[in-house]
1. Any chance you could count how many residues in the range 6-53 are surrounded by 17 or more Cβ atoms within 10 Å (Cβ to Cβ), over 27 Å from the mean Cα position of the chain (by Cα) and either closer than 23 Å to residue 75 by Cβ or modelled with pLDDT of 95 or more (or both)?
2. If only one of 463, 447 is of a type in the set (Phe, Trp, Tyr) and either in contact with a Cys (Cβ under 6 Å, 6 or more places away or on another chain) or within 30 Å of residue 177 (Cα to Cα) (or both), which one is it?
3. Could you tell me which numbered condition residue 534 fails, if it satisfies all but one of (1) more than 20 Å from residue 100 (Cα to Cα); (2) part of a strand (DSSP E or B)?
4. Scan the range 246-258 residue by residue and report those that are crowded, with 22+ Cβ neighbours inside 10 Å and not in a strand (DSSP E or B).
5. Which pairs turn up if I take residues in the range 129-147 that are in contact (Cβ under 8 Å) with a residue 60 or more places away in the chain and farther than 30 Å from residue 165 by Cβ and look for partners that are of a type in the set (A, V, I, L, M) and assigned to a loop (DSSP other than H, G, I, E, B) with beta carbon separation below 6 Å, at least 6 apart in sequence or on another chain?
6. Tell me which residues, restricted to the range 453-484, are of a type outside the set (Asp, Glu), in a loop (DSSP other than H, G, I, E, B) and farther than 19 Å from residue 255 by Cβ.
7. Is it true that residue 305 is charged (D, E, K, R) and under 16 Å from the mean Cα position of the chain (by Cα)?
Amino acid sequence: MNTALLRVPLAAVALAFAALSGPALAGTYNLEIATKTVNITGESREAMAVNGQIPGPTLRLKEGEDVVINVTNRMKVDTSIHWHGILLPYQMDGVPGISFPGIKPGETFTYRFTAKQSGTYWYHSHSGLQEQAGVYGPLVIEPAKKEAFRFDRDYVVMLSDWTDEKPETVFRKLKLKSDYYNYNQRTLGTFMEDAKKKGLGATMRDRMDWGDMRMAPTDIADVTGYSFLVNGKTPAQNWTGIFKPGERVRLRFINGSAMSYFDVRIPGLKMTVVQSDGNDTLPMPVDALRIAVAETYDVIVQPKEDKAYTVFAESIDRTGAARATLAPREGMAGEIPPMSPRPQLTMADMGMGGDHSGHDMSSMSGVGGAGAKSADPHAGHVMGPMSEYTMGSGLVPEKKPGEKFLVYGDLRAMRPWKDYRKPDREIEIRLSGNMERYIWTINGKKFSEAEPIRLRLGERVHFKFVNETMMSHPMHLHGMWMQLDNGNGRFSPLKHVINVTPGMTISADVPVDAVGEWAFHCHLLYHMASGMMRKIIVEQKTAEAQ
């Protein structure tokens, strides 16, 4: 992937030479967003590109650097860039209607901030549905001090989903028929197979329950038919990272998709997870990991043989995969593994069933009625220290004997949070929706109907995420960290995205340390566009003054 950028140091020739030989303390970067004709699937389509490429160029900053980024809009519509996971003044956050007015056609907006952190992040448009059309790219901030772990090679592995359809067309189809893209509906044949395995009576009851809810257990992903890319390349194009046997290779996985979750593995290699959402974690060897939309994970691998290894990222609904290669030489290709079995939702994912009953689904049109049997509408299955999936969930990743699949409980921060304490108050965030109308909400209201969430500078707020839907929701908070409550106390990991799975209650504490107006939303693009979003206002008045 071309990572060249126009970098203009703020000082004269001496500092220009320093900028070429090593990271400067200040620098200017120029990005240009324009339409471009691309051919990813064999058909030419119009896309949106940053500096003429999809993904956009990799921005490599230095912790402590004073950053100036000029973003010029060469399109006929407004645009923007949001710096995902970056701590900065809210006026630089890049969310039209919340933190700035957007970038008009022909205009340039200058973002200015100091890189206060290090790690793997990314950037993308926050205007309309442009993220799906190609306006996204990697962002890497190198630490001011020595890295906490050793590696010899460093590669960005940006996963994304591409469709030849215009994003507006995809959204319109979802609004007309929410299961439009579910091409794996159960048939008479699957009914007969289930009847043989479970008995006719049990199979009839199962079909009636799902029928009452007007849903299907194969409804894993809202949008299918995607082409899955690694650093903008299709599986046939096979992006390749070179290594010498015995080297330690750092892979910076970024899920820059609009709607797709991936299960990632590298057959023949253990992956040691060392960062989550840009923050160092204690090393955790795993065989596979699931990366939700907008999350990042850094892993270290050490291929010791003189052969090619396949980086394999299956979409969660198993409709396709992204594929890349680690190899000692260009032109090599590893064996592509077979797809894993397709998962299916269960009644546990619907918030009901046995001892693991979850949420009352009757607030969801087309979902409630006879199927909604939970007595307590707020009684979700609370995440324990080792799993973010409800017991009996069909979404639990399958693994072979002896394999380790990463779960949230495995994430332990390398350093304790400096001000870990009991929260000052709790805010319940109920993730809800109307399936028939394809409306996604927070606490029963769309973004356009809701009042902002108001926080006070200096307080610590407990966010209790209660998922009342059958979909996973990667919840993203701008401008501040969320400290995931996974049982590790002061060492609980800091994240900018927390994936809330069906039927689950997952909690996080927010150290409120950034004044301003911030976006807070589900990072599934069409969920955000249909209402699952809030404005958060952090007021200057401190918690102590209340």
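1. 1
2. Exactly one residue qualifies, and that residue is 447.
3. Going through the list (1) more than 20 Å from residue 100 (Cα to Cα); (2) part of a strand (DSSP E or B), residue 534 breaks only (1).
4. Selection gives 256, 257, 258.
5. 141/115
6. Matches in the range 453-484: 458, 469, 470, 479, 480.
7. no
Results for (1) charged (D, E, K, R); (2) touching a residue at least 60 places away in the same chain (Cβ under 8 Å); (3) over 30 Å from residue 483 (Cα atoms), shown as yes or no for each residue.
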{"position": "285", "(1), (2), (3)": "no, yes, no"}
{"position": "305", "(1), (2), (3)": "yes, yes, yes"}
{"position": "317", "(1), (2), (3)": "yes, yes, no"}
{"position": "321", "(1), (2), (3)": "no, yes, yes"}
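The values are calculated or read from the model by the stated rules, or taken from the named source; none is laboratory data. The structure presented is a predicted model; accordingly, all values stated were derived computationally and were not measured. Note: ideal-geometry Cβ built from the backbone for every residue, glycine included; neighbour counts use all protein chains shown.
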